[in-house]
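The values are calculated or read from the model by the stated rules, or taken from the named source; none is laboratory data. All figures in this text were calculated on a predicted structure; none of them were measured in a lab. For neighbour counting, all protein chains shown are included, and Cβ atoms are generated from backbone atoms with ideal geometry for every residue, glycine included.
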Amino acid sequence: MNTWDQNLRRVIIALDFPEASEANAFLARWEKSEKPFVKVGMQLFYAAGPRWVSHLVEEGYPVFLDVKLHDIPHTVAGGVRSLARLGVEWITLHASGGIRMMEAAKEAAETSTNQKAPRLLAVTQLTSTDQQMMNHELGIPGTVQERVLAYAQLAKQAGMAGVVCSGWEATKIKSRVDSTLITVTPGIRLAGQDQGDQKRVMTPEQAVQSGADYLVVGRSITQAKNPVAMYESITRSIGQDQ
Ligand code: C5P
């Protein structure tokens, strides 16, 4: 079962820019079209700050705030309470923080003073971790896929709206954990394109066929000659018209 909000575009552009000015210049290309769903990660959030994010929301951009929170439950709840005021759609946190941390975050989001509570997405096992590192450096037994499914299960128990996972795990999360968990998948590359530093990539079509509800696309769009045309073409390729 696919779980996406009809009001949100399924292709999310990762605004991986070092400064607000660069992100603004990039977004100016969308002046005449519908505002895309954008992801603001740590780099841009720390550089541009919460006011810039609020401004983006006021301008009509749906924002996915990918700040991957992880701390004691009380502190994460406080962080979510502050971030919830920005009016963003989604905020990420690490499932490895445990059920209590995720529940505290959820309660903070739902009791936020903002009219619209942000939805929380749990990061499962980072794609930069391979099995060797997980088993021998972090001391976590089992395969990466088992870990991802276990974290997805924790996220479900804690009432998270969804998870961030690779396209390779989306199907199993939907079939074995919960078909209604939103699956958000990075690591998207177009057919024939350079993989860059991403190890396990999928095309947009493959990711959607594998159960990804939303696709996070960074460089394939931000470094394209015509980013708007590239965004629209990816959007069309997964059957969502502009
Ligand atoms: O440029 P590219 O399409 O590889 O960008 C992918 C985006 O998704 C980046 O912002 C990256 O930080 C994020 N991401 C990822 N893998 C994860 C979690 C997030 O690539 N496991």
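Scoring residue 227 on the criteria (1) at pLDDT 95 or above; (2) within 19 Å of the chain's Cα centre (by Cα); (3) within 13 Å of the ligand (Cβ to nearest atom) leaves a single failure, condition (2). Taken together, the residues in region 208-232 that are outside any loop (DSSP other than H, G, I, E, B) and under 17 Å from residue 41 (Cα atoms) amount to 8. Residue pairs whose Cβ atoms lie under 7 Å apart, sitting 6 or more positions apart in sequence or on different chains, and linking a residue in region 168-195 that is on the phi > 0 side of the Ramachandran plot to a partner that is of a type in the set (S, T, N, Q) and in a loop (DSSP other than H, G, I, E, B), are 187/127; 187/166; 187/198.
Those helices (runs of 4 or more DSSP H) of region 74-172 in which 1 or more residues are buried (at least 19 other Cβ atoms within 10 Å of the Cβ), at pLDDT 95 or above and not aromatic (Phe, Trp, Tyr) occupy 99-110, 144-157. When residue 33 is tested against (1) out of contact with any strand residue (DSSP E or B) (no Cβ under 9 Å at 6 or more places or on another chain); (2) buried (at least 16 other Cβ atoms within 10 Å of the Cβ), only condition (2) is not met. Within region 173-211, the residues that satisfy the criterion of being within 14 Å of the ligand (Cβ to nearest atom), crowded, with 21+ Cβ neighbours inside 10 Å and among the small types (Gly, Ala, Ser) are 187, 207.
The residue pairs whose first member lies in region 214-225 and is touching a residue at least 60 places away in the same chain (Cβ under 8 Å), whose second member is among the β-branched types (Val, Ile, Thr) and within 7 Å of the ligand (Cβ to nearest atom), and whose beta carbons are closer than 6 Å, counting only pairs six or more residues apart or on different chains, are 215/188; 217/188. Annotation note: of 63, 57, 53, the sole residue that is of a type outside the set (Lys, Arg) and within 13 Å of the chain's Cα centre (by Cα) is 63. If you go through region 30-55 and pick out every residue that is of a type outside the set (Lys, Arg) and either part of a loop (DSSP other than H, G, I, E, B) or more than 16 Å from the ligand (Cβ to nearest atom) (or both), you end up with 10. Considering the conditions (1) in contact with a Gly (Cβ under 7 Å, 6 or more places away or on another chain); (2) over 30 Å from residue 51 (Cα atoms), residue 137 is excluded by exactly one of them, (1). From the list 122, 150, the lone residue that is free of Cβ contacts under 8 Å to residues at least 24 places away in the same chain, among the small types (Gly, Ala, Ser) and at negative phi is 150. Does region 4-17 contain at least one residue that is outside any loop (DSSP other than H, G, I, E, B), away from the ligand (no atom under 13 Å from the Cβ) and touching a Ser or Thr at 6+ places or on another chain (Cβ under 9 Å)? The answer is no; no qualifying residue exists.
Quick check: anything in region 64-71 over 26 Å from residue 35 (Cα atoms) and within 15 Å of the ligand (Cβ to nearest atom)? Yes, region 64-71 contains a residue that is over 26 Å from residue 35 (Cα atoms) and within 15 Å of the ligand (Cβ to nearest atom).
Looking at region 135-171, which of its residues are within 16 Å of the chain's Cα centre (by Cα) and away from the ligand (no atom under 15 Å from the Cβ)? The answer is 160, 161. Within the option set 235, 183, being in a strand (DSSP E or B), under 22 Å from residue 9 (Cα atoms) and within 17 Å of the chain's Cα centre (by Cα) holds for one residue only, 183. For region 10-19, the criterion of a residue being more than 17 Å from the chain's Cα centre (by Cα) and within 22 Å of residue 83 (Cα to Cα) is satisfied by at least one position.
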